[in-house]
1. Do you know the Lys pair count in the protein assembly as shown for C-alpha distances under 28 Å, with sequence separation 8 or more or different chains?
2. Taking a 1.4 Å probe, which of B:34, A:28 shows the most accessible area, and what order do the others take after it?
3. Explain nothing, just the number: dipole magnitude of the protein assembly as shown about its Cα centre with +1 on each Lys and Arg Cβ and -1 on each Asp and Glu Cβ, in debye rounded to the nearest 20.
4. Against the longest principal axis of chain A, how steep is helix A:122-135, in degrees 0 to 90 to the nearest 10, with axes from Cα atoms?
5. May I have the extent of the alpha carbons of segment A:145-256 along their three principal axes, as whole Å values ordered from largest to smallest?
6. Compute the relative contact order of chain A as a whole-number percentage, counting only Cα pairs closer than 8 Å that sit 6 or more residues apart in sequence.
7. Compute for chains A and B the buried accessible surface, both sides summed, probe 1.4 Å, and express it in Å² to the nearest 100.
8. Write down the percent of antiparallel bridges among all DSSP beta bridges whose residues are both part of the protein assembly as shown, to the nearest 5.
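The values are calculated or read from the model by the stated rules, or taken from the named source; none is laboratory data. Since we're looking at a predicted model, the values are computed, not measured. Methodologically, a virtual Cβ is constructed for each residue, glycine included, from the backbone with ideal geometry; neighbour enumeration extends over all protein chains shown. The accessibility values were calculated without ligands, DNA or RNA, using every heavy atom of the protein model including side chains. Shrake-Rupley method; radii C 1.70, N 1.55, O 1.52, S 1.80 Å.
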Amino acid sequence: MTALLSGRGLTRMFDGKNGCAQIDIDLHPGEVTCIVGESGSGKTTLLNLLSLQLRPDAGSLYYRTDDGARIDLGLASEIDRRRLMRTEWGFVRQNPRDGLLRDVSAGANISERLMANGARHYGALRDTAIDWMRKVELDHGRVDDLPRDFSGGMQQRLQIARNLVTGPRLLFMDEPTAGLDVSVQARLLDLLRTLTSQLGIAILIVTHDIGVARLLAHRLLVMRRGRIIETGLTDQVLDDPQQPYTQMLVSSVLPV
Amino acid sequence: MLTMQFDVAETAGNRLAPDVMIDVSGLSKSFTIHAQSATRITALRAVSFQLRAGECVALTGPSGAGKSTLLRCIYGNYLATCGTVSIRDQKRGTVTVTGADPREIIALRKDTIGYVSQFLRAIPRVGAQALVASPLVELGVKEAVALRRAAELLERLAIPQKLWALPPATFSGGEQQRINIARGLIADHPILLLDEPTASLDAANSAIVSELILERRNKGTAIMGIFHDEETRDRVATRLFPLQAA
């Protein structure tokens, strides 16, 4: 298979009940996968397992490297895991405060990952930061402002720029539009839609917003009680849901 | 040697006759509605047919006969309960939609199947012209070229130019439907599925849409549609395929 990241039998339980169990999942380049499910369904646990922020109790995680080799991430050294997370992967957090450095400028936030990978030329770093501010529709005249001087929606776009600057192959997003005003949400969704179709990277988004999933995702996974209960092409799962829970979930969405 | 024979036999079994674009065989679809003590509704029962290049088949039958359901099963939007749907694809040969991976269906929609649904699904912040152009852009056509082609279609469908830059969410029903038609036609897909493309159009606009459909048919596109408006149906269809309530 051509999957970039594959999980097999991934299990992590807390207190023997919450968590996720026996998850098989494949993330492909150029494909946006959304995990939907209610609070406590295990979707965040799964996200954390896949993004190496949690170790599984059982199961394996395989990654296809640039040269086509398949590596078992459970056996990879901590150095290798950290290098992956810093260069080839990105992680956009629900709350931009958790994903940004609060005491350095917008520009420094964007170039931090480049510097961590050895880039040192100040002028080039600044140019790259300005270029990315433009791409995420932020006023590049504000490159020296601190994150707290930006609105919530702008901070979220800053966080996205900060993650994409190293040209990652895989991007994880945890509820990227939660807590934003609808007009700000629309702008962010538009940006994400454009970037995902241009970049051809694999993206995993955890969301409880079916509208976000319908707009962005190619493939949908529905989680409940720690298991994937339904999966398929996004519009098929939403228009012809098979499981009782998925039918309930879809019929609970307010029509516009 | 044994493997080779097996491969040949299997391929031959799957291959469609040269001009067959869609093969539907023994297709049934039922819905189980779990909220209503697992009520089972059968929409299609053992439907079989073939659609060839240059044909326009009109699905007929009363409401609830499963006409839209059939189109959606072909498009991969509904899961078939049993039976198969096979599609001829220029790049991949014969693709079986039933049981296909989401990626295969996405590829099929990009390259081969155009679908005009009854309602437009607008995308926040995306203007009408860009929305119409996007299936071509996805095929790798340069944005400027795709936008020009979109402009031609919008002009032909009599959408006022001052609307082109606006997101169509606030357009009238008839305008949204014409945007949807332009979007469905722009990529010149070899297969077109049309779900009541003229439902909310006046006579003049229906005539324009019929003309566009006929042009496609004459170019060899395989078309299957639902046309409640008899005048449109008589103009575009080469044959009728009646469905009875299952």
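1. Eligible lysine pairs with Cα atoms under 28 Å apart amount to 15.
2. Order by accessible area, largest first: B:34, A:28.
3. Working: 59 positive and 55 negative charges, 98 e Å.
Its charge dipole is roughly 480 debye.
4. 50
5. Principal extents (Cα only, largest first): 49, 30, 25 Å.
6. 27
7. Numbers: alone 12510 and 12670 Å², together 23340 Å².
Interface between A and B: roughly 1800 Å².
8. 55
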